[in-house]
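First comes the structure, then the notes that go with it.
Values in this text are rule-based calculations from the coordinates and carry no lab data. Fair warning: this is a prediction, and the values are worked out from it, not measured in the lab. With ideal geometry, Cβ positions are generated from the backbone for all residues, glycine too; neighbour counts draw on all protein chains shown.
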Amino acid sequence: MAEHKIGQLIDALGVEADLDEGDLPTDAFVILKVIKADGTVSLASARSEGLDWITRLGMVTAAATIENSGYTDTPSHDDT
């Protein structure tokens with residue numbers, strides 16, 4: 001298996017992030033669903049250089065919480 005830069009792949013998949021003006025992304029952890037040549041499905045991951053395991057674990061845990069509960073850091077109109 002060979003290492004590949006995945007920036008263009010992510011772009012081709014149409015992945016976008018909702019960032020505000022002045023936001024500075026510092027790290028990335030990417031999970032990819034991969035269909036192998038034989039038709040089997042697997043997961044692959046990639047991370048930005050220097051991303052340590054504890055930050056990666058925190059990012060995955062936070063992402064799972066957000067995906068599973070609909071967490072938002074801004075109140076909805078119903079909360080006011």
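The modelled label-to-label distance between SER69 and ILE10, using points 7 Å beyond Cα along the C-beta direction, is 2.6 nm. Rounded to the nearest 20 debye, the dipole magnitude of the chain is 640 debye, with +1 charges on Lys and Arg beta carbons, -1 on Asp and Glu beta carbons, and the Cα centre as origin. Normalised by 2.2 N^0.38 Å, where N is the number of residues, the C-alpha radius of gyration of the chain stands at 1.37. Other residues whose C-beta falls under 14 angstrom from the C-beta of LYS5 contribute a net charge of -2, scoring Lys and Arg +1 and Asp and Glu -1. Between 0 and 90 degrees, the angle of helix 53-69 with respect to the longest Cα principal axis of the chain falls at about 60 degrees.
Label separation (ASP18 vs LYS36): 3.7 nm, computed from points 7 Å beyond Cα along the C-beta direction. Listed values for segment 29-37 are Karplus-derived 3J(HN,Hα) couplings in whole Hz (6.51 cos²θ - 1.76 cosθ + 1.60, θ = phi - 60°), namely 10, 10, 10, 10, 8, 10, 9, 6, 4, and x replaces Gly and Pro. Across the options GLY14, GLY58, SER42, the greatest Cα extent toward the positive end of the charge dipole of the chain (unit charges at beta carbon of Lys, Arg, Asp, Glu) belongs to SER42. Listed peptides 14-23, 1-10, 42-51 appear in the order 42-51, 1-10, 14-23 once ranked by packing, highest mean of other Cβ atoms within 10 Å at the front. The modelled label-to-label distance for the pair LEU43/PHE29, using points 7 Å beyond Cα in the direction of Cβ, is 1.1 nm.
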